[in-house]
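Report on one structure; see the data block that follows.
The values are calculated or read from the model by the stated rules, or taken from the named source; none is laboratory data. Here the structure is a predicted model, which means the values were calculated and not measured. In this analysis, Cβ positions are derived from the backbone assuming ideal geometry, glycine residues included, and neighbour counts consider all displayed protein chains. With ligands, DNA and RNA removed, areas are computed over all heavy atoms of the protein, side chains included. Shrake-Rupley method; radii C 1.70, N 1.55, O 1.52, S 1.80 Å.
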Amino acid sequence: MTGPSAPFSEIASAVPSWGGPSWLSDARKSAVARFVSAGLPTTRIEAWRTTPLPDLGKMAYAPGSASTANQAGALVKPFMASDVVTLVFVDGFHSETLSSSVATWPKGVRLAPMSRQLVVSPEDLQPWFADMGATDGALHDLNTAAFRDGAWVVVDDGVQVQMEVRVVLVSTSTDQPVAQHVRSLVQLGRGASLRMMVAVIGAREARGFTNSHTTITMAERSRLDLVRVHESPPGVPHFDALSATLGAHSVLGDTVLQTGPSWTRSEIDIVLNGERATADLGGVFIARGTQVSDIHTLLSHQAPGVISRQNYRGLAADEARGVFHGQIKVESEARGTDATQNNKNMLLSKRASVHSTPALEILTDDVKCKHGSATGQIDQAQLFYLRSRGIDSVDAIRILTRAFASEIVSRLSDESTRRLIEAQIAPSLEQLGVAA
């Protein structure tokens, strides 16, 4: 295989030989055909105009293999605790050694790696793949074709889960670049609630590509508080996709933190199709060097009285580039929709840039929708004030950037989760002060 999909030729060629139920094999083959036909996305595609893929090199990415994952232990350790359940995937495959034992899983929650569920009870997964003919793009097709593992999480009706569930994806391969395609499925029953974290991390010298998809369905009056930490190492570009369908009176809170040094793009697609459903989204990217950080959101309001909130922030230093594209779509039946979107970006270098594009598509009159976007250099008056108090420029910049990002971190209501996130992003904020 040559051409624009060549870096993943080894994986695409291997897909037909992978086992599994017939419906999945058919979905994989169709996805491979679409991917090979379309090739990797380029800037000729409008949605990718401001976010070209990084140079993926000439060596084909390997599909990876199961590992004892001893080298990943130190990387995963900060995410482990006695009061959380952890599912760990190393180079695309579940690590039983690093994951929490079955005995610790909370009652009323069904958890399993996708690889196991496909063997034990594949019929539970088939409905999730019913609409795979409708594609969202080449990298989505690649994930459908090539995923081998991921987290399957089902919360039964009425269950209020007290323990946080953490899904950790780790890149460790340094000899050959490994592409890990991971797909997680999350389902909340009526009146259920869950706190969940998805973290993408890796060894500093790791090489590869991460393509992670999380699909969520939420029944009536359910609640999900989701935190996503993107800290992929510089040699492992990361494409992330989150899709969620919200039932009546359900509440989704999603906070994404793009703080790692790699090329990162997150596509967030939320459908509010239940009356008075609420989506509260927020995030921050911290970009430095020649890094590209991209957040694309699409919130589709499809029922009366639905509410959405978006609050995203970006910090860019050196020659880094940030992208935010946020689209609010209100269908004709979504009377009484209340939607707001806010994007603020701080530039710490004259060479840094952020491309911010808010978009509204409203098909009914009875709505409240507003959006705002602001991008500028660091506030010189605030910087002068701190310097006049005897604080040197590096520390002053650190104080201001930490305060700028803290509005997003403060969204996290659980104290232990907030402390973990603060510790994880602290090195990135420290480096911003030096870069500026």
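For a quick check, take a GNM of the chain with Cα springs below 10 Å and name the residue from 192, 103, 60 with the largest mean-square fluctuation. Answer for the Gaussian network model of the chain: 103.
In loop segments of segment 339-369 as defined by DSSP, the trypsin sites (Lys or Arg not before Pro) with at most 16 further C-beta atoms inside 10 Å of their C-beta are 350, 351. The mean of 1/r over all pairs of different alpha-carbon atoms in segment 1-121, once inverted, gives a Kirkwood hydrodynamic radius of 17.6 Å. Helix content alone sets the calculated 222 nm mean residue ellipticity of the chain: runs of n ≥ 4 DSSP H residues at -39500 (n - 2.57) each, divided across all residues, give -6500 deg cm²/dmol. Here the chain is treated as a sphere whose radius is the Kirkwood value from Cα pairs; by Stokes-Einstein at 10 °C and 1.306 mPa s it diffuses with a coefficient of 72 µm²/s. Whole-Hz Karplus values for segment 270-276 come out as 10, 10, 9, 10, x, 3, 6 Hz, taken residue by residue from phi with 6.51 cos²θ - 1.76 cosθ + 1.60 and θ = phi - 60°; glycine and proline positions read x. For segment 18-87, the convex hull drawn through the C-alpha positions has a volume of 234 cubic angstrom per residue. Heavy-atom accessible surface of the chain, averaged per residue, reaches 40 Å², computed with a 1.4 Å probe.
Using every pair of distinct Cα positions in segment 366-436, the Kirkwood expression returns a hydrodynamic radius of 14.2 angstrom. The HN-Hα couplings worked out from phi for segment 178-183 by the Karplus form 6.51 cos²θ - 1.76 cosθ + 1.60 (θ = phi - 60°) are 10, 9, 9, 10, 10, 10 Hz, whole numbers, x standing for Gly and Pro. Centre-to-centre separation between the Cα atoms of segment 259-301 and those of segment 391-436: 19 Å. GNM remark for the chain: springs join alpha carbons under 10 Å apart, and the peak mean-square fluctuation among 322, 150, 235 falls on 235. When the residues 296, 238 are ordered by accessible surface, computed with a 1.4 Å probe over the protein chains alone, the sequence from largest down reads 296, 238. Using only alpha-carbon positions in segment 199-282, the gyration tensor eigenvalues give semi-axes of 30, 10, 9 Å once each is multiplied by 5 and square-rooted (largest first).
Under a 5 Å amide H cut-off, with hydrogens placed 1.01 Å from N, residue 202 pairs with 171 among residues at least 5 apart or on other chains. Our Cα-only numbers for segment 113-242 put the radius of gyration and Dmax at 15.4, 48 Å. If you run the Gaussian network model on the chain, springs between alpha carbon atoms under 10 Å, then out of 131, 141, 269 the most flexible one is 131. Taking every protein chain into account, the 1.4 Å probe leaves residue 97 with about 110 Å² of accessible area, to the nearest ten.
Ordering of 36-49, 402-415, 273-286 by packing is 273-286, 402-415, 36-49, highest average first (other Cβ atoms within 10 Å, averaged per residue). Remark: segment 285-436 is approximated by an ellipsoid whose semi-axes, taken from the C-alpha gyration tensor as √(5λ), come to 33, 17, 14 Å, largest first.
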